[in-house]
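What follows is one structure encoded as structure tokens, with my remarks underneath.
Where a number appears in this text, it was derived from the coordinates with a stated rule and is not lab data. It should be emphasised that the depicted structure is a prediction, and the values quoted were computed from it without experimental measurement. Here the Cβ positions follow ideal geometry from the backbone for every residue, glycine too, while neighbour counts run over all protein chains shown.
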Amino acid sequence: MKSFLVAIFILCTLNSFAQSIGSGNAYQVDGNSYVRVDNFPPTSFPFTVSAWIHVADTNHAMNIITTDGHMSGYNGMWFQINPGMELTVNVGNSPGNGCFTQHCRNTIRGFIPKEFANKWIHVAATMTNTTTGALYVNGIQLVSRTDGFGNQTISASNGPVRSAYIGAFWGVTGNPDTPHNQFFGGIDEVRFWNVTKTDADIQDEMCRKLSGNEANLIAYFTFDENHSNLPVVNLANGNVSGITIGNTSPRKFSGARVGDISSPFYFGNQAVPGNEQCFHINNNGDTLALALNPNQFPAVQIYSVNSSPNHRHGIIDSCEIENYWGVFWVDLNNPLRNPEGSFHFRNPTPLQPNGAFLRGANNDTLWYSNPNVFDMGHYQVWRSENAEEIIAVCLDDTSIPDPETPNPVIPVDDPIFYIPNVFTPNADGINDLFTFEVVNAANYQMEIYNRWGQRLVTLTSPANSWDGRFNGNVVADGVYMGVVYGNDLNGNPFSKNFTVTVLK
């Protein structure tokens with residue numbers, strides 16, 4: 001068994017990637033599909049509901065999970081995102097009477113920072129009764145308010161089949177057989193408990209997988225099926241699984257920050273002098289130690305995946321990787337902060353930690369080797385700027401570069417860009433942005449021009465997007481020329497042309 005120490009000084013955000021490894025697959029929802037879970041038990045107080053979500057539409061109300069369907073009016077529990085990134089949990093008491101007023105529901109509301117749109121985040125809600133509860137984002141309680149005047153009960157469905165719905169709610173007055181408020185984006189790790197979880201419980205469980213046998217857990221959906229045509233398994237109760245209705249697109253790799261075990265460190269808003277030493281030991285006995293200044297980052301989650309990643313693209317073949325780590329920084333006050341720092345590896349065994357590999361997210365298809373390696377004698381230091389979530393450590397004695405050739409050439413495939421050929425910047429919440437994905441490219445930029453050769457936009461990362469505007473105005477419908485150029489991972493130059501059509 002290998003054992004080594006990792007110390008990270010003011011590092012950077014990171015992520016995870018796998019199928020049954022790490023956070024596995026996610027339910028990629030396109031607004032045209034949802035999951036129906038028949039025979040779901042009726043909702044009652046107290047309860048806790050949580051999920052990892054990726055919000056791709058901030059202009060519409062979208063349901064994460066609702067219970068007690070097949071009826072008109074508020075009933076059961078609705079956990080949803082409203083326009084402007086407002087997180088809400090509703091409970092209702094109007095079986096069969098079509099009441100959607102405040103007199104038939106009770107709601108807790110809180111706003112998530114808008115910078116978290118198009119990022120994977122963890123959300124949770126607890127309710128002990130209709131007026132007492134809390135909302136959480138990434139384990140931190142949101143400032144919230146309550147409204148509604150419903151009574152102290154949660155009504156059950158009077159429909160023929162009691163159902164829960166993931167990615168939609170079912171039925172409204174005058175049109176009771178139609179799904180509404182369907183989700184756009186990704187949903188993963190949906191959990192429902194018949195107990196009120198504490199702050200510490202939510203923080204402890206959010207970044208690790210469950211077995212499904214935990215006390216008071218009545219529903220647990222991981223979406224690790226290879227295809228949405230398969231039943232959506234409820235690991236907490238195999239007799240209450242779900243089926244996908246609508247567009248049955250394949251599952252996609254999840255961007256949730258989930259491993260086999262995790263260690264949460266939440267320091268609150270109080271000032272803490274100096275650095276806090278945060279230690280995480282994985283199932284193999286390896287240790288990651290983090291030197292964290294809480295004045296810069298009030299919370300962090302460290303987790304580990306107790307296996308080699310199922311996707312090794314970009315990692316050299318000689319590397320032996322038994323496990324890998326994630327460091328998930330939590331800061332609701334400054335969600336766009338990108339720390340910089342170094343992390344140190346020490347290994348008392350004959351094998352040396354001869355390389356570090358990072359990737360952007362669990363749904364990233366490529367690991368990147370960190371080129372900034374400094375040999376400090378008894379340990380080595382990797383300096384990292386804007387590092388991502390996963391650290392994979394290469395443990396062999398063959399991959400360390402010779403001091404004369406510190407950046408050996410590693411064969412890689414040609415650059416691949418996934419570029420849409422059309423988008424519709426008309427503010428309807430559907431396909432409003434031009435986005436792209438990339439594999440095997442570094443130091444590149446993408447430019448889009450109009451027919452007169454004016455450059456309209458320059459993009460340098462999949463994290464960037466174009467809203468179709470130039471000088472403040474949305475461009476006219478038509479075909480626009482684009483070029484992407486830069487260097488592949490071996491430093492070889494490349495250039496590719498493309499077109500994109502704007503339709504409003």
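Take residue 437 and residue 119, extend 7 Å from each Cα along the Cα→Cβ direction, and tell me the distance between the two endpoints in nm.
In this crude spin-label approximation the distance works out to 2.1 nm.
So what's the net charge close to residue 232: Lys and Arg +1, Asp and Glu -1, counting the other residues with Cβ under 13 Å from its Cβ?
Details: positive: 36, 251; negative: 38, 188, 189, 224, 225.
Net charge around residue 232: -3.
Put a dot 7 Å past each Cα toward the Cβ at residue 266 and residue 247; how far apart are the dots in nm?
It is 3.5 nm.
Of the peptides 147-156, 451-460, how do they stack up when ordered by the mean number of other Cβ atoms within 10 Å, highest first?
Numbers: 147-156: 17.0, 451-460: 12.3.
In decreasing order of mean packing, 147-156, 451-460 become 147-156, 451-460.
For residue 32 and residue 239 in the same chain, what is the full-extension length gain: residue separation times 0.36 nm, less their Cα-Cα distance, in nm? Intermediate values should be presented prior to the final figure.
Working: separation 207, 0.36 × 207 = 74.52 nm, distance 2.57 nm.
Net length gain for the segment: 71.9 nm.
Normalised by the residues of region 416-502, what does the relative contact order come to in percent, with Cα pairs under 8 Å and at least six apart?
Details: 171 pairs, mean separation 26.3, N = 87.
Relative contact order comes out at 30 percent.
Using Cβ counts within 10 Å as a stand-in for footprinting exposure, how do 499, 58 rank, fewest first? Each step should come with its number before you reach the end.
Working: 499 12, 58 20.
Neighbour counts put them in this order, fewest first: 499, 58.
Simple spin-label model, 7 Å along Cα-to-Cβ: residue 210 to residue 143 in nm?
According to this spin-label approximation, the distance is 3.1 nm.
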